[in-house]
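**Student:** Sharing a structure, written as structure tokens. Questions coming.
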Amino acid sequence: MDFQTITVWAGIGLLFFVLTNIAFFDVARKDFGSLPQKALWAIVALIPFIGFVIYFAFGARKGAKKPGF
């Protein structure tokens, strides 16, 4: 592998890492009504590569922002 290929794959990996963290922290700051519901969305957000897509498509609008965040 050459340097450019490694850089591209590292960038893609970093992008997925950042998006997964954004989804996970969004779950942490929202109220989903019950702890099991929140835990379920946290697990979904941590699924590699597609979890953040599923969370932002279906779960992000279900939670209400907590006061103070």
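Read-outs throughout are calculated quantities, based only on the coordinates presented, and are distinct from any laboratory measurement. Computed from a prediction, not measured in an experiment: that's the story for all the values here. Quick reminder, even Gly has a Cβ in these numbers, built from the backbone with ideal geometry, and neighbours come from all protein chains shown.
**Student:** Can you pull out every residue in the range 11-35 that is among the hydroxyl-bearing types (Ser, Thr, Tyr) and within 12 Å of Leu46 (Cβ to Cβ)?
**Tutor:** Residue satisfying the conditions is Thr20 alone.
**Student:** Looking only at the range 18-62, count every residue that is at positive phi and hydrophobic (A, V, I, L, M, F, W, C) and tell me the total.
**Tutor:** Looking only at that region, the number is 1.
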